[in-house]
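Worksheet: the structure to be examined is printed underneath.
The values are calculated or read from the model by the stated rules, or taken from the named source; none is laboratory data. Note that the structure is predicted; figures quoted are calculated from it, not measured. So basically every Cβ, Gly included, is an ideal-geometry build from the backbone, and we count neighbours across all protein chains shown.
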């Protein structure tokens with residue numbers, strides 16, 4: 001292993017090109033992203049932009065700022081777009097140096113399980129889709145600031161109504177600022193791998209947190225929770241489980257498809273249960 005000194009890290013941080021720093025920051029915040037997702041988010045369309053994306057990502061990988069997982073999406077035929085990127089050991093050290101604090105465990109070069117990879121990439125796809133949807137001139141969507149926080153950055157710790165420690169664990173939190181207004185969502189990405197009883201426990205956790213009033217006191221509103229899933233059949237299952245809740249709790253949730261997540265999240269009722 002090549003040792004990188006403190007001075008070398010400082011110089012690396014100063015010399016890192018803005019586009020490459022954006023790639024580093026995105027992978028850190030999302031935890032995992034494919035080369036294709038990063039290209040769609042940060043580069044224009046066309047062969048020259050795709051080539052530049054490949055060069056930037058290859059350079060970050062070679063410098064161990066980003067880490068390529070052994071697994072690819074779509075196999076060898078997917079080319080560089082199929083590479084999956086995580087934060088690399090040098091990228092981790094660089095961010096820790098700049099922030100003056102340690103990063104959560106699991107942020108370094110590691111090989112997560114297939115289930116974790118599939119779920120994390122589905123969350124990253126929602127993030128990419130939002131940016132694509134907002135910059136598409138054909139739909140006439142207004143410009144928005146997107147604050148997208150994944151897992152621990154979106155979680156809420158609190159004391160439940162019985163005084164016991166509890167934690168609400170959405171997959172992500174979304175804040176959309178448009179025209180002076182802010183819409184807020186929590187996201188649950190459903191890959192159709194969990195039983196109805198598990199889904200119900202998650203729904204009950206959101207309802208329990210809602211009843212504490214903590215979020216409403218803190219920010220003035222309680223975000224809606226979007227459950228985004230893989231098929232119409234699975235969406236019907238989720239809607240059935242939501243339908244088992246009391247009426248005043250059912251209104252906290254929306255169910256939709258992952259493939260149509262952006263239109264749902266950009267709807268006018270975000271954060272208004």
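Working only within region 186-202, note down all residues that are without any contact (Cβ under 8 Å) to a residue 12 or more places away in the chain and either touching a helix residue (DSSP H, G or I) at 6+ places or on another chain (Cβ under 7 Å) or within 22 Å of residue 117 (Cα to Cα) (or both).
The answer is 194, 195, 198.
Filter region 39-63 for residues that are under 23 Å from residue 89 (Cβ atoms), assigned to a helix (DSSP H, G or I) and in contact with a helix residue (DSSP H, G or I) (Cβ under 8 Å, 6 or more places away or on another chain) and give the result.
Answer for region 39-63, where residues must be under 23 Å from residue 89 (Cβ atoms), assigned to a helix (DSSP H, G or I) and in contact with a helix residue (DSSP H, G or I) (Cβ under 8 Å, 6 or more places away or on another chain): 42, 53, 54, 56, 57, 58, 59, 60.
Among the residues of region 21-35 satisfying the criterion of being buried (at least 24 other Cβ atoms within 10 Å of the Cβ) and farther than 16 Å from residue 189 by Cβ, which is nearest to the chain's Cα centre (by Cα)?
Result: 27.
Considering 44, 15, which residue is at pLDDT 85 or above, more than 27 Å from the chain's Cα centre (by Cα) and on the phi < 0 side of the Ramachandran plot?
15
Being surrounded by fewer than 21 Cβ atoms within 10 Å (Cβ to Cβ), in a helix (DSSP H, G or I) and without any contact (Cβ under 8 Å) to a residue 24 or more places away in the chain: is that true of residue 96 here?
yes
Please verify whether residue 205 is touching a strand residue (DSSP E or B) at 6+ places or on another chain (Cβ under 8 Å), without any contact (Cβ under 8 Å) to a residue 40 or more places away in the chain and surrounded by 12 or more Cβ atoms within 10 Å (Cβ to Cβ), treating the condition exactly as stated.
It is true that residue 205 is touching a strand residue (DSSP E or B) at 6+ places or on another chain (Cβ under 8 Å), without any contact (Cβ under 8 Å) to a residue 40 or more places away in the chain and surrounded by 12 or more Cβ atoms within 10 Å (Cβ to Cβ).
So, restricting to helices (runs of 4 or more DSSP H) that lie completely within region 200-273, which ones have at least 1 residues that are at pLDDT below 95?
214-219, 247-250, 261-265
More than 23 Å from residue 129 (Cβ to Cβ) and crowded, with 18+ Cβ neighbours inside 10 Å: is that true of residue 188 in this structure?
No; evaluated as a whole, the condition is false for this residue.
Within region 167-185, is there a residue that is assigned to a strand (DSSP E or B), at pLDDT 95 or above and out of contact with any helix residue (DSSP H, G or I) (no Cβ under 9 Å at 6 or more places or on another chain)?
no
Within region 71-84, can one find any residue that is outside any strand (DSSP E or B) and at pLDDT 90 or above?
No - not one qualifying residue is present in region 71-84.
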